[in-house]
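The values are calculated or read from the model by the stated rules, or taken from the named source; none is laboratory data. In this text the structure is predicted, and so the values were computed from the model without any measurement. We place every Cβ from the backbone using ideal geometry, glycine too, and count neighbours over all the protein chains shown.
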């Protein structure tokens, strides 16, 4: 009865259950954690060792999906809005630097340095960075390092979600105290900032005709995907001769070609292909769990918890220093940096939920959203969408 269709169905069911649990718990239990647990339980019981390969999501997820997805990330970056939130950008970069330095120099005291190198890209970003470092580790025969990267990716949200909620609540309470004592009001500027952040999160059409833009009547889903493939191919060529990872160039060229209109804004969503690409990427990552034995899992739990604690402590220290330099609230700076542990849409969910919890009326909610929401959304894009890809490209060469 088992064939490629049943293998595909089993993979899909694991992801669906993960998404349902995440939805029921309002994202406090990460969907990727639930999916990973189901896949792991399946491999230890009834799943065939080559389940993902049998589903034909490999090698698609390990090759085309990776480069197309990274190029796509370049099409959702708004340079104008990033510049408008330049303090958030600097804050996030400082936080990630603090995390990397602390983990890189302290963690080798109690764990293998190869695991530190493999764990940092997932800890500073999302599934794309995880895929990049996992693929590089497997290519060099570092199976344990690849498994460590997957494990960090799956559980880091448990540190990120509550810490972000606490930080935002502290910052929100401080802002509300000023709001109530000084009689401040939410104005049109706050509403506009929230709307811009929502547009940044959702992508959008090119507002005006650009030099390399193809007329919409010819711009089918296949054309959009082919354009992404062309830019991704160029990135691999440039990467080959520049010595810098082709994945990093894919992100850069994605931004450039989107700016000139050759690539569409939020290209994969426009081509109705984002979800299948993400599904293939996820399954490529979780395919690595087939080699995770109970002994390996229990052996890396201690080092992994220590690794995450040290990394987050380094991030907090950097956030504190940069908050003094930029004259921003420490808790907001820390919350911005913590977006590296989960990214979009969880930054949006946590911020909106926290604002609703501490605001007593609609006016206070709008005031808090105007102060917190834009920087949290930009923070997620700086950490997960942009910087994590660069960090992964850097650490890939160190394995």
Counted residues, the stretch 293-311 - those being touching a helix residue (DSSP H, G or I) at 6+ places or on another chain (Cβ under 6 Å) and within 30 Å of residue 368 (Cα to Cα): 2
Evaluation of residue 285 against (1) buried (at least 20 other Cβ atoms within 10 Å of the Cβ); (2) touching a helix residue (DSSP H, G or I) at 6+ places or on another chain (Cβ under 7 Å); (3) at pLDDT 90 or above (one fails), failing number: (3)
Mind checking which residues of the stretch 36-62 are surrounded by fewer than 16 Cβ atoms within 10 Å (Cβ to Cβ) and modelled with pLDDT of 90 or more? 41, 44, 45, 46, 48, 49, 50, 56
Which condition number does residue 257 fail, the rest of (1) without any contact (Cβ under 8 Å) to a residue 24 or more places away in the chain; (2) farther than 26 Å from residue 141 by Cα being met? (1)
Return yes or no: is residue 70 in contact (Cβ under 8 Å) with a residue 12 or more places away in the chain, within 28 Å of residue 387 (Cβ to Cβ) and out of contact with any helix residue (DSSP H, G or I) (no Cβ under 6 Å at 6 or more places or on another chain)? no
Residue match in the stretch 68-78 (condition: over 27 Å from residue 398 (Cα atoms), exposed (fewer than 15 other Cβ atoms within 10 Å of the Cβ) and assigned by TED's automatic domain parsing to the domain that holds residue 377): no
Counting only helices (runs of 4 or more DSSP H) entirely within the stretch 293-399, those with at least 2 residues that are at positive phi are none
Is at least one residue of the stretch 154-176 over 30 Å from residue 368 (Cα atoms) and surrounded by 20 or more Cβ atoms within 10 Å (Cβ to Cβ)? yes
Answer residue from the stretch 24-36, given it is without any contact (Cβ under 8 Å) to a residue 40 or more places away in the chain and touching a helix residue (DSSP H, G or I) at 6+ places or on another chain (Cβ under 8 Å) and is farthest from residue 292 (Cα to Cα) among those: 29
Report the residue count in the stretch 108-124 for those that are surrounded by 24 or more Cβ atoms within 10 Å (Cβ to Cβ) and either in a helix (DSSP H, G or I) or not assigned by TED's automatic domain parsing to the domain that holds residue 329 (or both). 9
Scanning the stretch 257-273 residue by residue, those within 21 Å of the chain's Cα centre (by Cα) and not in a loop (DSSP other than H, G, I, E, B) turn out to be 258, 267, 268, 269, 270
Can you tell me which residues in the stretch 243-254 are closer than 16 Å to residue 70 by Cβ and either outside any loop (DSSP other than H, G, I, E, B) or free of Cβ contacts under 8 Å to residues at least 12 places away in the same chain (or both)? 246, 247, 248, 249, 250, 251, 252, 253, 254
Just to be sure, is residue 93 assigned by TED's automatic domain parsing to the domain that holds residue 245, under 17 Å from residue 378 (Cα atoms) and loosely packed, with under 15 Cβ neighbours inside 10 Å? no
